[in-house]
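Bear in mind these aren't lab numbers, they're just calculated from the coordinates by the rules spelled out. Since the structure is predicted, the reported quantities are computational estimates derived from the model, not experimental observations. Neighbour counts are summed over all protein chains in view; Cβ atoms, including those assigned to glycine, are modelled from backbone coordinates with ideal geometry.
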Amino acid sequence: MKKVFTLCLSLVSLTMLSQDVKRCESAEPSYINRMPGFYISDCKNSEYNDVEFIYYVKGNALKINKGGKYYDLYYRMNEGESRKFSEAQIIQNYFNAVVKIKGKALADKKTTLSASINGNEVYIQLHTAANSVDTKSYRIEIIEVTPMNQDIELTLQEAIDKNGKAALYGILFDVGKSDIKPESAEALKQITDYLNANPAIKIIVVGHTDNTGGYAANITLSKARAESVKTYLIKTGKIAATRLLSEGAGQFCPVSTNDTEEGRMLNRRVEIVKL
């Protein structure tokens, strides 16, 4: 039987759910509760999001970028609540709960945590009022690392026949790196299947980034990612190298705004262009 872990904070939550904002009444994941005396004042969840957490270790800023089911929960203290919680108390409660199930803190201040829960890699980031001894509100972000459900069924063949190219969002890389992540296998198989079904066709693999970082660095990164895909198609897909070219456009050809995370997600892509 599959084990189900529950993160029980050191303080048992007795918050009245009726005080939660109505649209957020079921917004919390089942395995974690909240600090007592708090209600959900807002939530911005999504079934899939690409999230970057920034945290600090020995004064150095580090980043992790993960995709999966996303929870963004805002908690506010109930009016008239007699208990007073410090920032340190809230953070330590979540940290203790995570350590109890063999998780760990990534950040020195224990505000970024990770654990394996119900078979999923889970990351948690806490946002509280700095140096507060009487915290009236706090925010928690959670990402459960899972593949995105592909809802649009337009095939690679149809896209290329119609537009001469196809954008693929299922080819994933860690931030700033060109190594292909294992969860990219299905998208790469689509390219291999397309090329095997059309043996006379040659393609260019083009890497694209958002505008985060410098222009020159983004060009270099996008070229390296495109080259990684090309190498995969040759070595794993057994596609002839003479049928493949690779190039990087960096941030030069956006398909959406770079002013929002949703837009930047659309701009980070690999395109297959028919020669």
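Miscellaneous remarks
- Put the Cα centre of region 169-235 next to the Cα centre of region 63-84 and the gap is 36 Å.
- Cut-off 14 Å between beta-carbons: net charge of the residues surrounding GLY263, Lys and Arg +1, Asp and Glu -1: -2
- Relative contact order of region 156-274, pairs being alpha-carbon contacts under 8 Å that are 6 or more residues apart, as %: 36
- Charge sum, other residues only, whose C-beta stays under 11 Å from SER46's C-beta, Lys/Arg counted +1 and Asp/Glu -1: -3
- GNM result for the chain, Cα springs below 10 Å: residue of LEU195, LEU73, LEU62 fluctuating most strongly: LEU62
- Relative contact order of the chain: 15 percent, from C-alpha pairs under 8 Å at least 6 residues apart in sequence.
- The order of VAL145, VAL255, VAL205, going from fewest to most other C-beta atoms within 10 Å of their C-beta, is VAL255, VAL145, VAL205.
- Net charge dipole, the chain: roughly 800 debye, given to the nearest 20, about the Cα centre with Cβ charges of +1 for Lys and Arg and -1 for Asp and Glu.
- Here region 123-275 is treated with +1 on each Lys and Arg Cβ and -1 on each Asp and Glu Cβ, and its dipole about the Cα centre works out to around 680 debye.
- Along the chain, counting only GluC sites (Glu not before Pro) with a DSSP assignment other than H, G, I, E or B and at most 10 other Cβ atoms inside a 10 Å radius, the longest segment between sites is 154-275.
- Which of SER184, SER116, SER41 has the fewest Cβ neighbours within 10 Å, and the rest in rising order: SER116, SER41, SER184
- Net charge dipole size for region 223-275 [Lys, Arg +1 and Asp, Glu -1 on Cβ; Debye, nearest 20]: 420
- Computed FRET value (nearest 0.05) for ILE101 with PHE252, which takes r as the C-beta separation and R₀ as 51 Å: 0.70
- Summed residue charge, Cβ within 9 Å of PRO29's Cβ, Lys/Arg positive, Asp/Glu negative: -1
- Long pairs among LYS165/LYS230; LYS63/LYS189; LYS69/LYS223; LYS202/LYS238; LYS22/LYS44; LYS22/LYS69, criterion Cα-Cα beyond 19 Å: LYS63/LYS189; LYS69/LYS223; LYS22/LYS69
- Options (i) -0.52, -1.02; (ii) -0.58, -1.08; (iii) -0.64, -1.01 - which one matches log10 I(q)/I(0) by the Debye sum over Cα atoms at q = 0.10, 0.14 Å⁻¹ as calculated here: (iii)
- Within the straight-line cut-off of under 19 Å between alpha carbons, the aspartates and glutamates reachable from LYS181 are ASP50, GLU52, GLU121, GLU144, ASP210, GLU227, GLU271, sequence neighbours fewer than 8 places apart in one chain being disregarded.
- Anchor LYS274: aspartates and glutamates whose Cα lies under 15 Å away (excluding residues fewer than 8 positions away in-chain): GLU158, ASP161, ASP193, GLU247
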